[in-house]
Amino acid sequence: MSEKVLMKGNEALAEAAIMAGCKHYFGYPITPQTEVAAYMAKKMPKVGGVFLQAESEVSAINMVIGVAATGKRAMTSSSSPGISLKSEGISYLAGCELPALIVNVQRGGPGLGGIQPSQSDYYQATKGGGHGDYKLIVLAPNSVQEMVDLTFKGFDLAEKYRMPAMLLCDGTMGQMMEPVLLNQGEIKTYDKSWATTGTGNHEGRNVVNSLSLNPEELEVWNHRRYDRYKIAQENDVMYEEYLMDDAEICIVAFGIASRVSKNAINQARAKGIKVGMIRPITLWPFPEKVLKKASEKCKAFISVELNMGQMIDDVRLAIECSKPVYLCNRTGGMIMSPEEVLASIIKANGGNE
Amino acid sequence: MEVFKKTNGLTDAPFHYCPGCTHGIIHRLVAEVLEELGVLDRSIAIASVGCSVFSYNYFNCDAIQAAHGRAPAVATGAKRSMPDNIVFTYQGDGDLAAIGTAETVHAAARNENITVIFVNNAIYGMTGGQMAPTSLPNQVTQTSPYGRDVTLVGYPIKVSEMLSQVEGATYIERVAVDNVKNIKNAKKAIKKAFQNQIDKKGFSLIEVLSTCPTNWGKSPKDSLLWLEENMKKNYPLGVFKDRTKGDE
C-alpha cells in the first residue's frame, strides 16, 4: 500500500498497528474509540492475529502485559474513564520495563464526563496516572496521517526504551477522515533476550517483575529507568514549528487545538501580528529546549488546550516563567473557535489588533 | 537404588514461607508435575500477590509477576502469544476470589487453555491475617475480630462450586494437602490440570485447601486438624466439573 487511502482516524491507527507488527489487541467498548476494537475484530483473524474483547479495561491491559512479557507487540485502546482503569496495569508495564502501546481517544471528564473531544487527560498521561516513579512516551497526533505515523513511532520508542507508550488523541482525531499513507517501510527490531518465552528458548530463567522488598535495589531499578528516560529526553523530542522565525507571540498547542490555532495564526498574521506556534508532538518528552529558546525573543506565550489548563504548567516550567503565559481553553467536550484563539492572540499582543 | 532428591522443578532459593505452611508442599507438587510432564523448559509461571508472590523465585521456569487478582488476564495474554508454552497461575484466595473474581470467571468462561492453582487457606496471609472471601462463618481474623458475621459481611465464596456452573470451564477439582493420601490425590489432580493444557483441552482449576498456622494462631499439627474438621465441611473435596470425561 504505497498510495494514499481515505480512512477514519481510529481505523487508520488500528491498521497502522497491524502493519507495525502488532498481532495482539485487547479492548473493551467505550465511546469514542470503539471503532478501533471493531476494526481489530474484523482484521486480526485475517492476519493470524489475536483480537480479544476483555471483561474489563483492567483485564485488557493485563492481557497486554502477558503478551508484552513474551516479547511481542501488543496494544490496547480506550477512552478517558477506561484509561483510569488501565492505569494500574500501565504502572506495572513501567515497573516491569515492558514495551506496549496504549491508545487514549480522550473524552471530557472527570467521572463519566461526556463523549465529546477533550484533552483533559494531559496530566494523567504526562505526569503518571498510575502509582510510582515512571513516565510514558506520550505522542499527540494532529492529523489522521499522524495517527498512523505515531502508532509506528509509539511501538518503536516503547521497544527502544523498554517502556509503555501512549497515543494521546481526542475524539476529533479518532472520528475524522483524511487521506493517509499507511506504509512506513521496514520495522526496526530490538533485543528481546529478557522475554519470558520458556527457558528452552534462552539462557537461564527470565522473570518479568516489578517487586523488590529491598529498598536499595528498588532505588537502583528506578534510577536505571530514569537514566533511559533521560536519553529519550535528549534524543526523541518531537515538535513542529509554525511561523516561528519572526514570532513575537508563541502559541503552544497539540492535537485538534493546534489545527484551530493554525487557522487563528493565519488570521492574526493577516492583521500584521507576529504570532507563531510550537506544537509538541511528544508531550513527554516535552519540547522544553525549543520553548526555552523561543522565550528569548517572544514576549508572550499562549497555551491553547481543551481542558482547564494543564499543559500550561509545562510551558511555564520550560520558559522558567520568564514571560507571561496566557490560557486559551474550552472544556467539557467543547472546542474553541479560531476567533476565540485570535482574541487570545490580540490580548497577548497588548490589545493591539 | 533410587535416592530421594529435590525436584528440578524448584530452584535452590530457600522458601520464605512460615514453618508448617502447606504452600511448600503445593509448590513441590506443581514443580514435580512440570518436571514429570517434561514441560519445565516451556513453562511460564504467573505469580500473584499475597504469600505466593515470590513463587517467581521458586518455580524453575520463566515467570511473570502479576498485579493483585490479574494473574488469569496476564496468563491469557501470555498463552495467546505463546500457545505452545505451558502457562499457569498460582494464586491465593484473596487474590483469586476477591479482587480477581472477574478475571477468574471470565478466563474460565473463555475456556482459556491455562492451568490455575488456587490455594485456599481461608485468610489473607501476607498482610497478616485479615478476613478472606473464603473465611468460614464465625472465623476470627484480624478484620473479623468477633468472628465472621454472615449477616454483615456475607458468606464465603465457594470457587469450585461457582466455576462448575461456568459452561466454558473444562476441569475443576478441589483437593487438600492435610495428609499423605490427600497429598497424593492433589498431585494427581494437578497433573491432570497440566495434562489438559498440553492436550489443548482448556481451562483447568485445582483448588487446594491449605493451612496458615501463623495467622490461624495454631500449631502446624493443629492447623491440619482444623483444616480437616472445619474447612472440609464448608469446602468438600472432589471433582466439580470434568468436560474431559469420555475423551480417554
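Just so it is clear, none of the values below were taken in a lab; they were calculated from the coordinates. Keep in mind it's a predicted model, so treat the numbers as computed, not measured. In this analysis, Cβ positions are derived from the backbone assuming ideal geometry, glycine residues included, and neighbour counts consider all displayed protein chains.
For chain B, the extents of the C-alpha atoms along the principal axes are 49, 46, 34 Å, listed from largest to smallest.
Model label points for A:E296 and A:I231, set 7 angstrom from Cα along the Cα-to-Cβ axis, are 2.9 nm apart. Measuring from centroid to centroid over Cα atoms, what is the spacing of the stretch A:302-353 and the stretch A:116-177 in Å? About 22 Å separates the Cα centre of the stretch A:302-353 from the one of the stretch A:116-177.
Using +1 on the beta carbon of Lys and Arg, -1 on that of Asp and Glu, and nothing else charged, what's the dipole of the stretch A:241-348 about the Cα centre, debye to 20? Please report the intermediate quantities before stating the final value.
Values: 15 positive and 12 negative charges, 41 e Å.
For the stretch A:241-348, the charge dipole is close to 200 debye.
Quantify how strongly other chains surround peptide A:70-77 by giving the mean number of their Cβ atoms within 10 Å of each of its Cβ atoms. Walk me through the numbers on the way to the answer.
Details: counts 11, 2, 5, 1, 3, 0, 0, 0.
Across the residues of A:70-77, the mean count of other-chain Cβ atoms within 10 Å is 3.
Cα centroids of the stretch A:1-57 and the stretch B:112-180: 39 Å apart. GluC sites (Glu not before Pro), restricted to the stretch A:93-200: which are DSSP loop and have at most 10 other Cβ atoms within 10 Å? Loop-located and lightly packed - A:E186.
The C-alpha atoms of the stretch A:241-348 occupy a region whose extents along the principal axes are 32, 29, 21 Å, arranged from largest to smallest. Here each label is just a point 7 Å from Cα along the line to Cβ, and for A:M177 and B:T143 those points are 5.2 nm apart. Comparing A:E296, A:E216, A:E178 in a Gaussian network model of chain A (Cα springs below 10 Å), the most mobile by mean-square fluctuation is A:E216. The mean number of partner chain beta-carbon atoms within 10 angstrom of a residue's beta-carbon across peptide A:200-206 is 4.
Quick check: from the Cα gyration tensor, does the stretch B:116-248 come out rounded (a/c under 1.5), prolate or oblate? Write out the running numbers ahead of the final one.
Numbers: a/c = 2.50, a/b = 1.70, b/c = 1.47.
Because a/c hits 1.5 or more and a/b exceeds b/c, the stretch B:116-248 counts as prolate.
With the simple spin-label model, which puts each label point 7 Å out from Cα in the Cβ direction, the B:S219 to A:K289 separation comes to 7.1 nm.
Other residues lying with their Cβ under 12 Å from the Cβ of A:V180 contribute a combined charge of -4, Lys and Arg counting +1, Asp and Glu -1. Across peptide A:94-102, the average count of Cβ atoms from other chains found within 10 Å of a residue's Cβ is 1.
Be a star and scan the stretch A:280-315 for residues whose amide nitrogen sits under 20 Å from the point 7 Å along the Cα-to-Cβ vector of A:S322. Once the point is set 7 Å along Cα→Cβ of A:S322, A:280, A:286-303, A:312-315 turn out to lie under 20 Å by backbone N, inside the stretch A:280-315.
For the pair B:N179 and B:Y155, what calculated FRET efficiency results from E = 1/(1 + (r/R0)^6), where r is the Cβ-Cβ distance and R0 = 25 Å, to the nearest 0.05? It comes out at approximately 0.35.
Taking chain A as a Gaussian network of alpha-carbon nodes connected by springs under 10 Å, the highest mean-square fluctuation of the residues A:S91, A:S212, A:S303 belongs to A:S212.
In the stretch A:30-124, what chymotrypsin sites (Phe, Trp or Tyr not before Pro) fall in a loop by DSSP, with at most 11 other Cβ atoms inside 10 Å? Before the final figure, lay out each step's value.
Working: sites: A:Y39, A:F51, A:Y92, A:Y122, A:Y123; in loops: none.
Those that pass, being in a loop and sparsely packed, number zero.
Of the residues A:G154, A:G66, A:G89, the one that moves most in a GNM of chain A with alpha-carbon contacts below 10 Å is A:G66.
With a Förster radius of 51 Å, plug the Cβ-Cβ distance of A:D191 and A:L112 into 1/(1 + (r/R0)^6) and report the FRET value to the nearest 0.05. If you can, show how the numbers build up before the last one.
Numbers: r = 42 Å, r/R0 = 0.83.
Calculated transfer efficiency: 0.75.
Computed log10 I(q)/I(0) for chain A at 0.08, 0.09 Å⁻¹: -0.39, -0.49, from the Debye equation with unit scatterers placed on every C-alpha and solvent omitted. Sorted largest first, the principal axis extents computed over the alpha-carbon atoms of the protein assembly as shown equal 94, 55, 42 Å. The peptide list A:221-229, A:320-328, put in order of mean Cβ contacts within 10 Å with the highest first, becomes A:320-328, A:221-229.
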